[in-house]
Amino acid sequence: MHRTWKRMLVTVAATIALTAPLGATAAHAADNPYERGPNPTLAALQASRGPYAVSTTSVSRLSAVGFGGGTIYYPTSTADGTFGAIAISPGFTAYWSSISWLGPRLASHGFVVIGIETLTTADQPDSRGDQLLAALDYLTSRSSVRSRIDSSRLAVAGHSMGGGGSLEAASDRPSLQAAVPLAPWNLDKSWTELRVPTLIVGGEADTIAPVASHSIPFYTSIPSSAEKSYLELNGASHFFPQSVNTPTAVQAVAWLKRFVDDDTRYSQFICPGPSSLSISDYRSSCPV
C-alpha cells in the first residue's frame, strides 16, 4: 500500500480511537498483531527498564558466521508471541561492553537484541554493516531464541563506525524496518537510496564525527519518504552512547516501537518530538 494512503488510514484510525467506546478501542488495538506492552508514557520510556523481564545468552565467536559473536537479550515471557529483533554494533576499537546498556534497555520494551562483537575492532563501516546483517541472519535462523523472533520485523543500530555500519546495512537490505545510528561515522555522506525509517542521534560537541560533517549530512540526504528523524544532544561528545543516556533511549525505543512493531501509540514521541534543555536540535519527516 502506498505510504500516503497508509498515513491517511492511520489518521482515520486514530480519530476513531479517540471517539469510540472502550470496547471498540480494544478491538482496534487488536488489529495490530505486533503491538506489545501497555500504553506508553514518557515516564515509562525514561525508566531504566520497560515492562518485560529480560534474559540473556551468549554467542561464541566460534559459533558465529560473518560476525564476532556477542550477547543476546530477550523478553523472558513468551505470552505475547514473537518479537521484532535488533542487531547493534559498537564503534571503532570498541567492544560490545562499551554500549551494552542498550541491550537490556531495548529488550525490556519487547525486542530481541543482539549486541555484536566485530571480527576485528578496526573493521570499517561497510564491514560492520555486513556483520549486522549476518547477526540478524544468525538470530532468525540458528540462534537458541529464533522461535521468539518475527523474522519480518528486523532493525539495526550502532555507535560511531557501528552507526555508519547501520546505514550500510539499511542501504543493503531495504526490507529492514528501522535503523538507529548513534554518533555515526562514515566517509559516504549521501544516503539518497535509503528506504528504511532511520533515526540518527548526534552529539552537539562531537569532535570525532562532527554532526556538521556526519549526522546532519546523513540525515538531510535520506529521502523524507523513508521516514527519518534527527536528534542532537546538547553539549554531548562522541561518546554519549557509552553511558546510560535517557534522551537517546526514549527516542530509540519510540522509533523502534513505531516502525518495527508498527505501533502508532509511539508516534506522539516522534511528532512533534522531544523538547528539553538536553536537546539542541530535533528534526523529523513528520507525520509518521
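Brief remarks follow.
- Among residues other than Asp188 with Cβ under 9 Å from its Cβ, the summed charge is -1 (Lys and Arg +1, Asp and Glu -1).
- Within the listed set Thr198, Thr56, Thr41, the residue fluctuating most in the Gaussian network model of the chain (springs between alpha-carbon atoms under 10 angstrom) is Thr41.
- Couplings 3J(HN,Hα) for the stretch 39-45, derived from phi with the Karplus relation 6.51 cos²θ - 1.76 cosθ + 1.60 (θ = phi - 60°), are 4, x, 10, 4, 4, 5, 6 Hz, where x marks Gly and Pro.
- Using C-alpha pairs under 8 Å with a sequence gap of at least 6, the mean separation divided by the residue count of the stretch 41-284 gives a relative contact order of 17 percent.
- Cβ crowding within 10 Å, taken as a proxy for footprinting-reagent exposure, orders Glu168, Glu117 from fewest neighbours to most as Glu117, Glu168.
- 5 angstrom amide H check on Gly158, placed H, neighbours 5+ away: Ser89, Val180, Leu182
- Residue of Gly66, Gly163, Gly91 that the Gaussian network model of the chain assigns the largest fluctuation, springs spanning Cα pairs under 10 Å: Gly66
- Residue-count net charge about Asp206 - beta-carbon cut-off 15 Å; Lys, Arg +1, Asp, Glu -1: -3
- FRET efficiency, 1/(1 + (r/R0)^6) with R0 45 Å, evaluated for Ser147 and Thr121 via beta carbons: 0.90
- [x] 24; [y] 35; [z] 27, with the label sought being that of the calculated percent of Cα pairs over 29 Å apart: [z]
- Long-range HN-HN contacts of Gly84 with modeled amide H, under 5 Å: Val112, Asp150
- GNM flexibility winner over the chain from Ala43, Ala107, Ala212 (Cα, springs under 10 Å): Ala43
- The stretch 186-283 shape via C-alpha gyration tensor axes, a/c threshold 1.5: oblate
Read the figures in this text as sums done on the coordinates, not as results from a lab. On a predicted model such as this, the values are computed, not experimentally measured, just so you know. Because the Cβ atoms are built from the backbone with ideal geometry, glycine has one as well, and the counts that use them run over all protein chains shown.
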